[in-house]
Structure formats: C-alpha cells, structure tokens
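Here's the structure, in structure tokens; my notes come after.
Derivation of every value follows stated rules applied to the coordinates shown; laboratory data play no part. The structure displayed is predicted, hence computed values, not measured ones. Heads up, the Cβs are rebuilt from the backbone with ideal geometry, glycines too, and the neighbour counts pull from every protein chain shown.
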Amino acid sequence: MGDSLNCSVRDYPMTDDHSSGLTRRTFAKGLGGGAAAASLAGCLGGSDDGSEQALLWEYAFPNDDTPPIWKDAFLANYEERAGEELTVARFSYEDLRQKYLTGARTGDPDAIEGVLSHLTEYVKAGHLEPLGDWAEGLDHWDGFVDSAVEAMTYRGELYGLPYTGNGRALIYRKDILDELGQEPPETAAEFQQLGRMVNREYDDMWGYHNCTKDGSVRAFQEWMSHVYQHTDQLYVPDGDSWSLNVEADALGQIFDDWYFQIYAADNPVGNPDQLGTGWQVNDPGFLNGQFAFIECGTWLRGWTSGDNINDSDATTQLLDNDTGVAHLPYSEGGSQGTFLEVKPIMINAHSDNKERAKDVLAAWTDPEVLTKGAEDKSGDFMTPVHEDVESTIDNENWAPFTDVFGTGRALAKIGWGPVRQKFYTHMQEVAYGETDPYNAGDQFHSELKSLESEL
Amino acid sequence: MSTRTEDKGPLADYRETFGSLLSETWLGYAMILPAALLIGVIILYPTFRGIQLAFFEASLLNPEAKVFVGFENFATMLEDATFRESLWHTVLLTGIAVSLQYMLGLGLALALKEKVPGAGVFRSLSMITWVLPVIVMVIIFRFMTQSGFGPVNILLAKLGMETASWFGRPGVAFPLVVIMHVWRNVPFYAIALLASMKSIPDTQYEAARLDGAGPLQRFRYVTLPQISYVSMIMIVLHVIFTFNNFDIVYLSTGGGPLGNTEVMATYVYKQAFQQYALGYAASMAVVMLVIMMTFTVVYVKLEARD
C-alpha cells in the first residue's frame, strides 16, 4: 500500500490540468540540479563585467596613527581624474612581489607600486605595460629628473613612473667625530681607523654596523653601494646577453673592507655579536645611539618614534643636531658611488582597466600629490625625483644627501635573484671568518660570470 | 488514494517527494559535485601541475616557456650540497621538535589532569602560544635574544656570561628554531592529550589500583594505550606541519647564518622566488611530498597493526 501510494504521489503531475507534463519529481530534480549548478557557479567565481573599481597594490603610504595626508591627497586626485573611487591594498614589498609574479596574469592589480628590482623582474615576466607616448603626454612629464626616468627604462621602453628616490650615504655621529677631532672618512682605510678609534674610546658604542642577515634586501643594497664605487654597473648589456663588469679583486676588496674587517678581523670595527642581523638592528641601533656609523637612505630623518626607539627626545636631538651625512667611503681603486634607490609605479600589462591604471599613475606622480607626500613622509622626499617638488631637507647637516643622490647608480635591468642568492652565501662566509675575503671574491666572480647568460 | 493525497496538502506531497529523491544515489553525487570540483581545482590541479613541472626546466619569470628535461632536476638535486643539508636540517628539526613537543605536552597534560590549584586558568592561558601569529612569536624571540637590550642577554651579562645576537650565531640559531617550534606547540599537544585522558573512565584506574598497579604501571597500561590514537593524530599532523614549515625559519633566520637553519621549505622558496628556478623547486617539492606520504602511510599502518 505504501509503495503504491508513494508511487502514485511521485507520479502526480504538478498542475491540476495535467497540461504541462512537469511533475513534482521533475521539479524537485530541477531544483536540486539548479542548486548544485548555482553552488558551482558561486564557487568558481562570478562573472566579470569589467565594471569593478581599479585596484592598486602599494607599500608606500605611512601606516601609523598619523592622519593620512598623502594617501587622501592621492585618492582625491585620482577620483577627480577617473570619476570613481580606487581600491588600495597594502602588502609588504616581499609579499607584493611574490603575489604579483605569480598572479599578475589574472589582471589584478591594475597598478602596482614597488622598488626598482621589481620593475626589472616584472618586465622580464611580461607583466608591465610600456608607458610610451602616454607618459610623455602628461602635464608633469617634463619635470621628472632624467636619471630617475632612465632608471625606469629598459631597452628604450619606459615601464614605470618614478616618485621617490635616494642615494645611500654614510650617516655618522657628528658629535662623536667632533669630540675625537676627526673629519668624516673618505676612504675605507680612514673609516676603519676611525671606527676602531670609536670602539677604543667609547664603552657603550660600536664604530659601525651593516646588515649581514641571510636574505636581507638591505644587505644586498649595501653591498651594491660598494660595488658602484668600483664600476658603473655590475653587468652591462652584451648583445642579447649580459657581461660581468667588475674584477675579482674588486669583489675581494669589498668583502675585505666591508665584511671581514668589520666582523672577522682581530680588531673588528663592528660588533661580531651582531652578526646575522638586518635593518631591524641597524637603523634603530643608530637612532638609539649604539653605532657611530651606518649606511642609510633618507628615511632615517623622520624616524623619531615607534617601538624601536628607546627615547624619542634623545633620538630627535640626535637627528637634528648630532647626525652628519657624507659620501660612502671607498676602497683602494674605487671612487664615489652608491646605490640609487628609485621607486616606480607601474601598470599591469594584463589589466582590463588600463585607462584607470593610467589615472592611478598620473595621480600618484602629480607634483601636488607628491608635495603632500613630503608633508606626510618627509624622509622620502629629501631628494625628490620631480623638479616641482621641493626637497624636505630642513637641516644643513642632511644637505649632503643631494650630492650623494647625484653619484647614485640604478640597478641594471637583470633578474637579480641569482646574484643576491650567491652574494648572501659568500658575504656570510667572509663576515663569519669562514673564508678569506679574496678567495671569496675570486669564487664569487667566477659564479657571477657563469650567470651571464641566465640573467 | 487521490483523496488521501489531497488531505495531506501540497506541502506534504513535496516533502514526501523530496524524501524519496534523497534516497537516490545520483542526488548524493550531485550534492558532493561542487565540493569535489572545488577540491579538484584547489588541491588536485595544483598538485598535479607541480608534479608535472618537476620534469621541466621553467623560470618563474616566464613559466610558459618550459623545456622538458625528464629526471634532470632530480639528478641535479643529488649533486646539490645545499639540498642535502636542507633535507638533513628538515629531518633533524622535525625529529627533535616533534619528540620534544610530544614528551613535554604529555608531561603537561598529566600535570593538568591532576587537581592542581589554578589549572583551569593555566589551561586557558597555555593556548596563547598556539594562537599567537608566527610573526609575533618570531619578533618576541628575536627581541629577547637581541644583543645589547634583549632580556636573555641582559640576564647572561649579569651572570657574567657571553652575550650575542643569538639568531646570528651558528650553532645556536638551529636550537633556537627548535625551541620556537616547541614553545608554540607544546600547549596544543597538552590540551589534546588531556582531552583524551579525560575520556578514560576512572573505574579503570580504580581496577588497576585494586590489582596493585603503581602510578607508572597505571600510566603504561591504562593511560598510554587509550591516548595512542590521539597521539598518532598529533604526531602525524605535527610531523607534516614541521616538515613543511616555512614561516618560522624564514622570518627568524632566513635560512642562515651560513645555511645553518636552511630547511627544505625555505630552500624551495629561494629556488622558486629568488633563483626563478620553478622546475627545480617543483622537483624538490615532489620529494617533500613523497617523503611525507611515505611517512604518513607507514605510521598509520604501524598504528593500525598495534
């Protein structure tokens, strides 16, 4: 009875007049199938009608409790140009690079901010849109500093717009040098002598610190600064390939002067107990009065508070009155030169929204917006890359940064990853006293040579 | 019959129809289809793509232009001293960290099981290490061991002992990485094992006591066998977590100093994202996958046999 009841109920037509032929069973099946299809559609992503706001990834705006002057000015400028709002997402540079290299083909983000080595990698991966005539048509195009624009150019094609730049300089304790009756050192030998003098005369201070942590981007930049004292470029174009442009002796000399003498020599200039540390020790260490010399960019100027600062007043006094800036000392056979950091803003070649991305670049590099940036993050605009933006240098002690900026060299447009990886190995072996600096220089040179065709 | 149906109302009809449909197998398949497809897209496809990539030479910067090289990546691995070292460090880290975590977690669970004053509060607080973001934990440890102002060094200096930035010291960095793993996971082991111990009926302990069993024998013959399943789950999971762990090592030492803390996960990352060697990195990931699968299968089989 039950079976026959079920059977007849299941087979009942849905409508009273039996005209459509749609049974409850069919309807229920359809509903189930529809739900499954809807779930699938939901899981696999909805439609993209191209009407979404443009997306920008950045790591430039200050991320503290202060009012976001720069960011607000940029967003207002963008909205005026684009007539709509912009979605901004913040990632650390390392995350940003990794996500972009693996996911740029999805079309997101439409625009991206970064560092110069990113630009090179993104170009090689085919992820950047050439800016060509569009950039030259910008109202503020003519004001960009030539060297900054040159840094954004690869094989004659412009791939990004510069917005900030700095050259790495020797930051020193002016008061300590005055007490010792010394002038800022020009050569590595003078520098080491002075550093050892500081170690001798001051119990609570070390002469110098630099970054030796494996994988530290800062460590690589510090090393490159000294490479640029021996050559204009580590690699130069050679047809479709690249050619190594430095002698093995120079690499050995750099290892000796800036790693072996600092940490592994009998009377080291730096504190061997601080081997393997990065910027987290380097910059706060200087700001808290632990080091007489460090190598640094302009961002140090405004760093007077935060978790890393022991005494904000003391740090302010140190930066205002007791800090000096000079060219980095150079080894024998070298000359003035340093790592030039120029930061670009770029367009994703796979973006569906390139016009909005261009608005992002135009707004980001607008001198009025950059001037607001100088109010918000003064350290980034001491050596501006646009002539309509005034330098934020407000203290003559910091004025030499302008000269240092002039001696800076931008990274060659190669994939730097393999070079960096080999550098960390040799640098640490030298700094930890595991190998002779000149042997390391020889070996490193031959390894760099073997990379020529891969870069 | 039709009268009966009308009496139940249209909703009852549909309920009945749905009820009968639910018993049909095809609907079950239809319902799991979205989840199955999702798993296929999110888990299976990347896995097979990774395995496929292991047999190609491919660059991160231009992954489309890949060249089939057969087993060449695996042959390169055999000659790669850094790979061998990172594999050894990974095995060592996993073995030491998981053993210590289990032993200390078991000890802590036994202590918490007793009616110690404040055990409830401690039980809640002890989970903090486990829920703390890895980056926060690493910052705490780096700060504590920092030269000059780190509490560990201040204490060592007061005791007249040597001070250093310990994460930068070869020979010390690796034990510190082990300590971070242990510090983080011991409470989780303890809570899981404690929950398992709580499910053992008191009557079993009473019976054992009546039979003359001492504390050690009660632990050996009553507690241990009944927490073995949870122990197996915890150990297998943490072997997999530790073997694959990337963030603790990368954030604290970056694999240094002098490669002393380089593990397979960080080496794979460096190959893929710094050397751009996507194919080689994938081949190492395949080796990790095989090792982990072998371990899991063997362990589960052994446990089932016991």
Gaussian network model of chain B, Cα within-10 Å springs - most flexible of B:LEU11, B:LEU159, B:LEU38: B:LEU11
Chain A - charge dipole about Cα centre, Lys and Arg +1 at Cβ, Asp and Glu -1, debye rounded to 20: 1820 debye
Candidate aspartates and glutamates - alpha carbon under 12 Å from B:LYS270, same-chain residues fewer than 8 apart omitted: A:ASP214, B:GLU262
Most mobile of B:VAL138, B:VAL116, B:VAL67 in a GNM of chain B (Cα contacts under 10 Å): B:VAL116
Model label zone, A:ASP436; criterion: amide N under 14 Å from point 7 Å along Cα-to-beta-carbon; scope segment A:231-273: A:249, A:252-253, A:256
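By counting other Cβ atoms within 10 Å of each Cβ, how are A:SER446, A:SER391, A:SER216 ranked from fewest to most? Could you put the intermediate results ahead of the total?
Values: A:SER446 11, A:SER391 17, A:SER216 23.
Neighbour counts put them in this order, fewest first: A:SER446, A:SER391, A:SER216.
Once you have a ≥ b ≥ c as the square roots of the Cα gyration tensor eigenvalues for the protein assembly as shown, tell me rounded if a/c is under 1.5, and otherwise prolate or oblate according to whether a/b is larger than b/c.
Working: a/c = 2.08, a/b = 1.40, b/c = 1.49.
Since a/c reaches 1.5 but b/c is at least a/b, the shape of the protein assembly as shown is classed as oblate.
Of all DSSP beta bridges located in the protein assembly as shown, what percent are antiparallel, nearest 5? Can you show the working numbers first?
On the way: 30 of 42 bridges.
Bridges in the protein assembly as shown are about 70 percent antiparallel.
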Gain on full stretching of the segment that runs from A:ARG155 to A:ASP64 - 0.36 nm per residue minus C-alpha separation: 28.9 nm
Listed residues A:ALA399, A:SER378, A:SER351: farthest to the positive end of the dipole of segment A:348-424 (Cβ charges): A:SER351
Per-residue HN-Hα couplings for segment A:53-64 [Karplus 6.51, -1.76, 1.60; θ = phi - 60°; Hz; x = Gly/Pro]: 5, 5, 10, 10, 9, 8, 9, 9, 5, x, 10, 10
Projected label distance in nm at A:ASP133 and A:ASP204, using a 7 Å step from Cα toward the beta-carbon: 6.5 nm
From phi via Karplus (6.51, -1.76, 1.60), per-residue ³J(HN,Hα) for segment A:126-141 in Hz, x at Gly/Pro: x, 9, 10, 8, x, 8, x, 5, 4, 5, 5, x, 5, 4, 9, 4
Span from the segment A:302-357 Cα centroid across to the segment B:139-183 one, whole angstrom: 29 Å
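Suppose only helical runs count, i.e. DSSP H with n ≥ 4. What mean residue ellipticity at 222 nm does that imply for chain A under -39500 (n - 2.57) per run, divided by all residues and rounded to the nearest 500 deg cm²/dmol? Show your work: numbers first, answer last.
Values: 18 runs with 192 residues, N = 455.
Dividing the helical sum by the residues of chain A leaves -12500 deg cm²/dmol.
Give the relative contact order (percent, whole number) for chain B; include only Cα pairs under 8 Å separated by 6+ residues.
Values: 300 pairs, mean separation 84.1, N = 306.
Taking the mean separation of contacting Cα pairs over the length of chain B, I get 27 percent.
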Cross-link table B:LYS115/B:LYS301; A:LYS124/A:LYS354; A:LYS354/A:LYS413; A:LYS99/A:LYS422; A:LYS213/A:LYS449, entries beyond 26 Å C-alpha to C-alpha: B:LYS115/B:LYS301
C-alpha center-to-center spacing [segment B:231-306, segment A:179-213] in angstrom: 43 Å
Förster radius 56 Å - calculated FRET efficiency between B:ILE43 and B:ALA12, Cβ distance, rounded to 0.05: 0.85
Prolate/oblate/rounded call for chain B, Cα gyration tensor, a/c under 1.5 rounded: oblate
On Cα atoms only, tilt of A:367-376 relative to the major axis of chain A in degrees: 70 degrees
Rounded if a/c under 1.5, otherwise prolate or oblate - chain A, Cα gyration tensor axes: prolate
Those aspartates and glutamates that a straight Cα-Cα span of less than 12 Å connects to A:LYS174, excepting residues fewer than 8 apart in one chain: A:GLU183, A:ASP320, A:ASP322
Cα-centred dipole magnitude for segment B:72-305, charges only on beta-carbon of K, R (+1) and D, E (-1), debye, nearest 20: 640 debye
Sparse-neighbourhood loop sites, trypsin sites (Lys or Arg not before Pro) in segment B:97-177 - DSSP loop, at most 10 other Cβ within 10 angstrom: B:LYS115
Folded to 0 to 90 degrees: helix A:354-365 orientation relative to chain A principal axis, Cα: 30 degrees
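Assuming R0 = 22 Å, what is the FRET efficiency of B:ILE233 and B:ILE291, from their Cβ-Cβ distance, to the nearest 0.05? Walk me through the numbers before you get to the answer.
Values: r = 19 Å, r/R0 = 0.88.
E(calc), rounded to 0.05, equals 0.70.
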